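Asks: Here it is, the structure, as structure tokens.
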Amino acid sequence: EAQVTQNPRYLITVTGKKLTVTCSQNMNHEYMSWYRQDPGLGLRQIYYSMNVEVTDKGDVPEGYKVSRKEKRNFPLILESPSPNQTSLYFCASSLGPSGRWAYNEQFFGPGTRLTVL
Amino acid sequence: KNEVEQSPQNLTAQEGEFITINCSYSVGISALHWLQQHPGGGIVSLFMLSSGKKKHGRLIATINIQEKHSSLHITASHPRDSAVYICAVSYNTDKLIFGTGTRLQVFP
């Protein structure tokens, strides 16, 4: 089954404790992206990747890191989480390189609800 | 200021009603997506439009490039259509910009 998986689905942590949210897709997609969703603000892009070893900042990258060492995986790293990073996080992927991915179906993971105390 | 505006923010309907959700954007785009977010939180892609009209079952999506406007229509609405509908656009960049969503509730 074609899918995007995220782990963990729910996480409660404390300020400053490093964490990683994993994202994996089994569709051989080039494009992967991380979003956060906050009430009243909609989905906002954190980082995206056009292919292996190619990543770039989205609209709200502060406090986050990513890596793309393999095509299928795109982990989101919070080196020192703060309460303002409490949010619902989505990973997504799409077929296609730069200029083409936006014309293809976007596949979303199930979401990770993160609470930072 | 969000570059993608959706209306209405909330919509309540009786089963069987025809539903229209609107999306406006500010400048020329390369692609527009309609997404559905279920009450459990999962997001699925409904349509991608760069021009014209698409239909899938009871869902119809249209886009007017000149007016910078897209609509999502649901015919013969059903309680299972209750969800948040999200419009997202690509402005010839490698990013998607999202509207804040329209929350639809369909009552039996």
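Rule-based calculations on the coordinates, nothing more; no lab input. Computed from a prediction, not measured in an experiment: that's the story for all the values here. Quick reminder, even Gly has a Cβ in these numbers, built from the backbone with ideal geometry, and neighbours come from all protein chains shown.
Asks: So how far apart, in nm, are the two label points at B:SER51 and A:GLN3 if each is 7 Å from Cα heading toward Cβ?
Replies: Taking the two extended label points, one gets 3.8 nm.
Asks: Quick one: order A:TRP34, A:TRP101 by neighbouring beta-carbon count within 10 Å, fewest to most.
Replies: Sorted ascending by nearby Cβ count, the order is A:TRP101, A:TRP34.
Asks: With a cut-off of 11 Å, note down the residues of the stretch A:1-40 whose backbone N falls inside the zone around a label point 7 Å from the Cα of A:VAL54 toward its beta carbon.
Replies: Residues A:30-32 qualify, since their backbone N sits under 11 Å from the label point.
Asks: If we count other beta carbons within 10 Å of each Cβ, what is the order of A:ASP38, B:ASP81, fewest first?
Replies: Fewest to most other Cβ atoms nearby, the residues stand as A:ASP38, B:ASP81.
Asks: Right, here's the next one. Under a Cβ-Cβ limit of 4.7 Å, which cysteines in the protein assembly as shown have nobody to pair with?
Replies: None - each cysteine has a disulfide-compatible partner (Cβ-Cβ under 4.7 Å) in the protein assembly as shown.
Asks: Could you list, bin by bin from short to long, the percent of Cα-Cα pairs of the protein assembly as shown in 5 Å steps?
Replies: Histogramming the protein assembly as shown at 5 Å steps yields 1, 7, 15, 19, 19, 16, 12, 7, 3, 1, 0 percent.
Asks: Divide, for the stretch A:67-117, the radius of gyration over alpha carbons by 2.2 N^0.38 Å, where N is the residue count.
Replies: Ratio of Cα Rg to 2.2 N^0.38 Å: 1.40.
Asks: Starting from the exponent 0.38 and prefactor 2.2 Å, build the expected Rg for chain A from its residue count and divide its actual Cα Rg by it.
Replies: For chain A, the normalised Cα radius of gyration comes out at 1.00.
Asks: By count of other Cβ within 10 Å, fewest leading, how are A:TYR48, B:TYR91, A:TYR64 ordered?
Replies: B:TYR91, A:TYR64, A:TYR48
Asks: Among rounded, prolate and oblate, which fits the stretch A:6-52 when a ≥ b ≥ c are the square roots of the eigenvalues of its C-alpha gyration tensor, a/c under 1.5 means rounded, and a/b larger than b/c means prolate?
Replies: Judged from the Cα gyration tensor, the stretch A:6-52 comes out oblate (a/c at least 1.5, b/c at or above a/b).
Asks: Still on this structure, I have one more. Cα-based Rg of chain B per 2.2 N^0.38 Å, rounded to two decimals?
Replies: Rounded to two decimals, the normalised Rg is 1.01.
Asks: Considering only DSSP beta bridges whose two residues both sit in chain A, what percent are antiparallel, to the nearest 5? If you can, show how the numbers build up before the last one.
Replies: Values: 33 of 37 bridges.
Counting DSSP beta bridges with both partners in chain A, the antiparallel share is about 90 percent.
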